[in-house]
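The values are calculated or read from the model by the stated rules, or taken from the named source; none is laboratory data. Model, not experiment: these values are computed from the prediction. Cβ placement follows ideal geometry from the backbone for every residue including glycine, while neighbour counts extend to all protein chains displayed. Protein only, heavy atoms only, side chains kept; ligands, DNA and RNA dropped before computing areas. Shrake-Rupley method; radii C 1.70, N 1.55, O 1.52, S 1.80 Å.
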Amino acid sequence: MTAGERIVQLAEGWIGTPYRHQGATKGVGCDCIGLIRGVWREVYGEEPGPVPAYAPDWAERSGEERLLEAGLRLFGPPLLIGEAQAGDLLLFRWQIGCAAKHAGILKGDRYFIHAYEQAAVTCSALVPSWRRRIAAVHRFPEPLDC
């Protein structure tokens with residue numbers, strides 16, 4: 001099993017987890033950041049550091065690229081979108097000029113797994129309306145024990 005396949009398999013284990021703002025517990029509740037935190041814990045054994053509390057409108061109020069900065073700090077430089085592979089982290093912005101605010105894990109060329117507000121962790125088609133919102137692609141750092 002490749003590292004990317006392992007990440008996808010772990011993320012699929014979260015499907016159906018209810019949406020809970022700031023949650024990060026499989027089967028209990030998580031938001032999109034909590035999904036990534038939970039998969040990270042399953043891969044590396046612990047989170048890379050504490051996550052400060054954040055309001056639902058954190059990106060709109062601060063205007064800071066906190067999600068992109070965290071991606072760079074924890075995952076390294078972003079990849080070109082054309083280099084994305086299954087298991088990669090996708091960061092999204094809702095519209096140009098707004099801070100990136102959503103995250104998911106690429107399942108394959110056409111699908112990604114994410115925690116969807118008002119719903120649950122789900123697998124969605126990576127249709128053009130989602131693709132054009134991708135702000136960054138990151139690969140989970142090595143080493144991964146596969």
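Where only DSSP H runs of four or more residues are counted, the chain gives -8000 deg cm²/dmol as its mean residue ellipticity at 222 nm, each run worth -39500 (n - 2.57). Roll a 1.4 angstrom probe over the protein heavy atoms and tell me the percent of accessible area of the chain that is carbon or sulfur. Ligands and nucleic acids excluded, carbon and sulfur reach 53 percent.
As a size descriptor, the averaged projected area of the C-alpha convex hull of the chain was calculated at 8.1 nm². Label positions at ASP109 and ARG73, each projected 7 Å from the Cα along the C-beta direction, are separated by 3.7 nm. Among the trypsin sites (Lys or Arg not before Pro) found in region 15-56, those both in a DSSP coil and sparsely packed, with 16 or fewer other Cβ atoms within 10 Å of their Cβ, are ARG20.
The distance between label points at CYS98 and TYR44 comes to 2.9 nm (points 7 Å beyond Cα on the Cα→Cβ vector).
Let me check I've understood the local charge: for GLU83, count other residues with C-beta under 15 angstrom from its C-beta, Lys and Arg +1, Asp and Glu -1. What total comes out? My count for the surroundings of GLU83 gives 0. Computed extension length for THR122-TYR54: 22.2 nm, one decimal, from 0.36 nm per residue of separation with the Cα-Cα distance subtracted. In the context of the full set of protein chains, the chain has a per residue accessible area of 54 Å² (1.4 Å probe).
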